[in-house]
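None of the figures in this text is laboratory data; all of them are computed from the coordinates on show. Quick caveat, the model's predicted, so the values are computed rather than measured. When we count neighbours, we look across all protein chains shown, and the Cβ atoms used for this are built from the backbone with ideal geometry, even at glycine.
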Amino acid sequence: MRSNEPLEQSELWELSRQLVSFNTVSALSNEQATAYLANYLEDLGFVVRLVHEVIDGVKKATVLAWIGPEVPGGLIISGHTDIVPFEGQPGWTVDPLRLSHDEQRVYGRGVSDMKVFIAQALLAAKATSLCSLKRPLVFIFTCDEELAGQGSERLVKLLPELLPDYPLPDVALIGEPTNFAIWPAHKGYASFDILVHGKGGHSSAPHKGLNAIEKMAEVIREISSFNSELLAQATIENKTLFPDYPSSVFNFGMIQGGLAPNMIAEASRLTVSIRISPGDSMETLLTTLRKRIETVILPGMQAVFPEANVVVGQAIMVPPLLSPTDSVFCQLLCQIMDQKAEIGAPYATDGGQFQLAGIRSYICGPGLLEEAHQPNESIPLPNFWGGQEKIEQLIQRWCF
């Protein structure tokens with residue numbers, strides 16, 4: 001497969017077409033897609049394990065496949081099979097589930113994030129003399145990555161029993177859309193709710209109630225102050241990795257409260273997200289936030305109404321990632337991609353969960369970040385054609 005080959009007659013086109021045709025929106029089952037991938041990998045000689053799950057009544061699966069000798073030092077190549085929703089998203093002029101192209105780009109949901117990368121990785125393995133591997137090659141294709149990495153969070157807990165005797169490689173290439181840039185780090189991500197309980201009443205007598213919306217405003221001011229302190233404490237390393245915003249930061253995503261304009265709001269709910277810089281702990285950040293609320297806001301509320309409360313809910317989290325840039329693997333990846341590994345990714349990936357299993361991940365793929373999750377999602381033809389050869393080089397130079 002090379003760029004002088006007719007596009008729609010190439011195996012890369014056919015494999016990408018098949019993967020895009022599976023509607024693997026995170027809320028739906030991905031089992032058709034994972035069965036297709038499992039069959040393809042088995043035909044190449046991989047040992048394949050489909051990790052089946054039922055999540056909120058929906059059947060899902062993660063693909064775990066390996067080949068090569070049972071020795072340390074191999075390579076994981078990883079991607080996620082789920083995609084973000086497209087139904088009702090304005091701006092689509094092509095069929096999201098039908099691969100199409102013009103003279104410059106290939107279109108379809110997931111072509112940048114990240115089904116074309118998966119197709120390139122499979123074909124790179126096919127083009128390699130797998131029977132001569134000197135180090136193992138492992139593929140991991142997860143589900144629910146778009147849901148705060150919950151698929152990989154569940155997977156890493158199972159890896160010891162899924163591979164009890166096979167040495168899991170400690171380096172991974174994760175093909176998220178980077179335009180072939182190399183990102184050795186990313187911030188973590190978490191979301192949680194804050195619920196303020198006040199005392200309702202008639203708006204003509206505000207002194208007889210405790211307005212939850214007003215108190216939520218105090219919570220917001222306290223978090224904003226916390227954000228400023230975190231920014232002032234940003235480390236030099238994080239200033240280099242994340243020059244746009246180096247510190248952990250809370251974001252106010254959604255807010256609800258009250259029943260009518262002439263009533264004192266009895267309850268208010270705020271959904272907050274947080275981007276967690278490497279070196280920071282989500283648990284520490286939330287503990288600090290709870291203590292600040294309990295110290296600064298809650299006493300005044302309970303002095304007016306003893307039953308008043310502020311509840312900071314449990315968080316769903318993807319941990320941050322920080323992989324060494326002076327490792328032999330990272331230096332090899334930089335040579336192949338002709339890039340430097342200096343900047344962190346502006347989004348979270350499965351690499352944060354993998355790090356909990358001792359895997360050092362590097363984010364690098366053919367897609368474009370600005371195309372991910374967008375209507376008419378696309379990938380430039382040079383990126384469509386170019387990724388397979390780069391992955392082949394990586395496998396050849398690391399696993400042989």
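Taking the Cα centre of region 188-317 as origin, sum charge times position over the Cβ atoms of Lys and Arg (+1) and Asp and Glu (-1), and report the length of that vector in debye to the nearest 20. Don't skip to the end; give the middle numbers.
Values: 10 positive and 12 negative charges, 48 e Å.
Here the size comes out at about 220 debye.
Relative contact order for region 188-317 using alpha-carbon pairs under 8 Å, separation at least 6, rounded to a whole percent?
Reported relative contact order: 42 percent.
Show me, for region 296-313, the HN-Hα J-couplings you get by feeding each phi into the Karplus relation (A = 6.51, B = -1.76, C = 1.60, θ = phi - 60°), rounded to Hz, glycine and proline as x.
Per residue, the Karplus-derived 3J(HN,Hα) values read 8, 10, 5, x, x, 5, 6, 5, 7, 9, x, 7, 4, 7, 10, 10, 9, x Hz.
Going through the cross-link list Lys208/Lys291; Lys187/Lys239; Lys187/Lys390; Lys134/Lys187, which pairs have a Cα-Cα distance over 22 Å in this structure?
Lys208/Lys291; Lys187/Lys390; Lys134/Lys187
Rank Leu28, Leu158, Ile293 by how far each Cα sits towards the positive end of the charge dipole of the chain (+1 on Lys, Arg Cβ; -1 on Asp, Glu Cβ) and give me just the farthest.
Ile293
Quick one: helix 381-399 against the long Cα principal axis of the chain, what's the angle to the nearest 10°, folded into 0 to 90?
For helix 381-399, the angle is close to 80 degrees.
Read through the labelled values (i) 0.99; (ii) 0.96; (iii) 1.04 and report the label of the one computed as Rg/Rh (Cα atoms, Kirkwood Rh) from the structure.
It is the one labelled (iii).
Using a ≥ b ≥ c from the Cα gyration tensor of region 4-105 (square roots of the eigenvalues), is it rounded, prolate or oblate, where a/c under 1.5 gives rounded and otherwise the larger of a/b and b/c decides, a/b for prolate?
Verdict is oblate for region 4-105.
Only four residue types carry charge here, +1 at the Cβ of Lys and Arg and -1 at the Cβ of Asp and Glu. Report the dipole size of the chain about the Cα centre in Debye, rounded to the nearest 20.
680
Over the chain, what is the relative contact order in whole percent, taking alpha-carbon pairs under 8 Å and six or more residues apart?
Computed over the chain, the figure is 25 percent.
Using amide H atoms built in the peptide plane, which far-off residues or other-chain residues are under 5 Å from Gly188 H to H?
Ile276, Ser277, Leu321
Run through region 1-97 and list the chymotrypsin sites (Phe, Trp or Tyr not before Pro) located in a DSSP loop whose Cβ has at most 11 other Cβ atoms within 10 Å.
For chymotrypsin sites (Phe, Trp or Tyr not before Pro) across region 1-97 that sit outside H, G, I, E and B with at most 11 neighbouring Cβ atoms in 10 Å, the list is empty.
Report the one residue of Thr62, Phe141, Val219 whose Cα lies farthest in the direction of the positive end of the charge dipole of the chain (charges on C-beta: Lys and Arg +1, Asp and Glu -1; origin at the Cα centre).
Selected residue: Val219.
I'd like the distance separating the alpha-carbon centroids of region 268-320 and region 178-226, in whole Å.
8
Hey, what angle do you get for helix 282-292 against the long axis of the chain, alpha-carbon based, 0 to 90 degrees rounded to 10?
10
Please list the non-local residues whose amide H lies under 5 Å from the amide H of Val94, H modeled 1.01 Å from N, same-chain partners needing a gap of 5 or more.
Placed amide hydrogens put Asn376 under 5 Å from Val94.
Name the residue, out of Met216, Met282, Met317, whose mean-square fluctuation peaks in a Gaussian network model built on the chain with Cα pairs under 10 Å.
Met216
Size of the dipole of region 107-190 about the Cα centre, Lys and Arg at +1 and Asp and Glu at -1 on the beta carbon, nothing else charged, in debye to 20? Working shown, then result.
On the way: 8 positive and 9 negative charges, 58 e Å.
The calculation lands at about 280 debye.
How big is the antiparallel share of DSSP beta bridges in the chain, given as a percent to the nearest 5? Mind showing how you got there, number by number?
Values: 50 of 65 bridges.
Looking only at bridges with both residues in the chain, the antiparallel portion is about 75 percent.
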